[in-house]
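**Q** Dropping a structure here in structure tokens format, bear with me for questions.
The values are calculated or read from the model by the stated rules, or taken from the named source; none is laboratory data. The shown structure was predicted, so the numbers you read here are calculated from the model rather than taken from an experiment. Cβ atoms come from the backbone with ideal geometry, glycine included; neighbour counts cover every protein chain shown. Please note that ligands, DNA and RNA were not included when accessible areas were found on the heavy atoms of the full protein model with its side chains. Shrake-Rupley method; radii C 1.70, N 1.55, O 1.52, S 1.80 Å.
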Amino acid sequence: MLKLLVAVFTILTPSLAHSDDVASIKYLAVNGHTQIQATGGATASTPFAIASVGKTITSVALLRLADQGQIDLDAPARRYLPIGMTNALGGLDGVTVRHLLTMTSGLPDYLYDDYIDAALADPDTFQDAHVAVSFAYGDDTLFQPGTNFDYSNTNFVLAGIAAETATGRSYASVVTREVLQPAGMSDAFVFGSVPLPPDFPSGHEGDDHYRDYYQNTGFGDGGVIASAQDLANFYRALFVDRSLLSPAMMDALLRDPIGQGYGMGLEIDDMTIGHSGGDLGFSSDVRFDTKTGMIAIILAAQSDVDTDWASEMVNGQ
């Protein structure tokens, strides 16, 4: 372990590139030590769109609601969804909240070019969870619920709507109360719930048009903006301090029901857990080694960045 630490610290000599470079950060924490490599003026507290990394946050929020008796993981998902939406998705027969969170519902994905183009052209109209889900209407289900796995963003948009129905509060309010505040994620928020802060990385590869997208409503599939420090705090609270979930809910989070390396909004690989993400103008990945407690985070204000660095760090490569 000592040899690994020396190698890691040698690789991650802190640096700050010119301000016109793409904002990015590599954040590594192990044994109480933190090392950061940043470009484009980014720091550990710079907020980035974390995309699908936020699915873990959504899952933890719903698991906390389940622990409080506000939502039943094994109840039909349609209990928490508008009847019109349920009917348009084929009735959701046999689909439970648990199936949504484990990507085992068989529901088709809404997040393709048609939706992205519409959301960019008119974010005020299309950046709404109910409208977004409508882009999956009419598509065939992929399999019977609970029999297979398919990564579909529709699942987590529905999970966010289910949280709103169960609590009578917005998705942003639920996530803030149940996860961001108790985890000490002071720079984090659901986009659309507050104005973008001045240090939010500007534009998308030079195009400020994409900022409109991040000033509208974020969904349960990836609507959180957070800093590297926020994510480190979240993973520590969740997996080191074990302060966010009860043992039963932690077991649910980490259980891989289909053997596809996926729990509830969480990628699971041997002793490494985490999630990657990509959204308009942003790439992200977080990995946590359950044996050593090492946390590796990479955030970049650029699409399609190679984020394998995080996995390589926790796997000692």
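**Q** Consider segment 281-312. How many of its residues are assigned to a strand (DSSP E or B) and of a type in the set (Val, Ile, Thr)? Before you say what the answer is, go through the steps one by one.
**A** If we filter segment 281-312 for residues that are assigned to a strand (DSSP E or B), which is where we start, we get 282-289, 295-300.
The next check asks that each one be of a type in the set (Val, Ile, Thr); those that pass are 286, 295, 297-298.
Of the residues in that region, 4 qualify.
**Q** Can you tell me which residues in segment 91-109 are open to solvent by less than 10 Å² (accessible area, probe 1.4 Å) and within 23 Å of the chain's Cα centre (by Cα)?
**A** Scanning segment 91-109 gives VAL95, VAL97, LEU100, LEU101, THR102, MET103, THR104, SER105, GLY106, LEU107.
**Q** Taking segment 154-190 only, how many residues are without any contact (Cβ under 8 Å) to a residue 40 or more places away in the chain, surrounded by fewer than 23 Cβ atoms within 10 Å (Cβ to Cβ) and among the β-branched types (Val, Ile, Thr)?
**A** Result for segment 154-190: 1.
**Q** So for segment 260-280 (the condition being assigned to a loop (DSSP other than H, G, I, E, B), in contact (Cβ under 8 Å) with a residue 24 or more places away in the chain, in contact with a His (Cβ under 7 Å, 6 or more places away or on another chain) and open to solvent by 10 Å² or more (accessible area, probe 1.4 Å)), does at least one residue qualify?
**A** Scanning segment 260-280, I find at least one residue that is assigned to a loop (DSSP other than H, G, I, E, B), in contact (Cβ under 8 Å) with a residue 24 or more places away in the chain, in contact with a His (Cβ under 7 Å, 6 or more places away or on another chain) and open to solvent by 10 Å² or more (accessible area, probe 1.4 Å), so the answer is yes.
**Q** Being open to solvent by less than 10 Å² (accessible area, probe 1.4 Å), among the aliphatic types (A, V, I, L, M) and under 22 Å from the mean Cα position of the chain (by Cα) is true for just one of ILE116, ILE50. Which residue is that? Steps first, answer last, please.
**A** Working: ILE116 fails: open to solvent by less than 10 Å² (accessible area, probe 1.4 Å).
After applying the criteria, what remains is ILE50.
**Q** Provide a single number: the residues in segment 281-317 that are without any contact (Cβ under 8 Å) to a residue 60 or more places away in the chain, open to solvent by 30 Å² or more (accessible area, probe 1.4 Å) and over 18 Å from MET250 (Cβ atoms).
**A** The number of residues fulfilling the criteria is 7.
**Q** Okay, next question. State whether one or more residues within segment 203-217 are open to solvent by 20 Å² or more (accessible area, probe 1.4 Å), modelled with pLDDT under 95, within 20 Å of LYS55 (Cα to Cα) and not in a loop (DSSP other than H, G, I, E, B).
**A** Yes, the conditions are met somewhere in segment 203-217.
**Q** Any idea which of ALA121, ALA88 is open to solvent by 10 Å² or more (accessible area, probe 1.4 Å), closer than 22 Å to ALA166 by Cα and among the hydrophobic types (A, V, I, L, M, F, W, C)? Walk me through how you get there before you give the answer.
**A** Details: ALA121 fails: closer than 22 Å to ALA166 by Cα.
Selected residue: ALA88, the only one of ALA121, ALA88 that is open to solvent by 10 Å² or more (accessible area, probe 1.4 Å), closer than 22 Å to ALA166 by Cα and among the hydrophobic types (A, V, I, L, M, F, W, C).
**Q** What are the residue pairs meeting all of these: first residue in segment 118-132, first residue touching a residue at least 40 places away in the same chain (Cβ under 8 Å) and more than 14 Å from PHE191 (Cα to Cα), second residue of a type in the set (S, T, N, Q) and exposed (fewer than 15 other Cβ atoms within 10 Å of the Cβ), Cβ atoms under 6 Å, and 6 or more apart or on different chains?
**A** Between residues of segment 118-132 that are touching a residue at least 40 places away in the same chain (Cβ under 8 Å) and more than 14 Å from PHE191 (Cα to Cα) and residues that are of a type in the set (S, T, N, Q) and exposed (fewer than 15 other Cβ atoms within 10 Å of the Cβ), there is no close pair.
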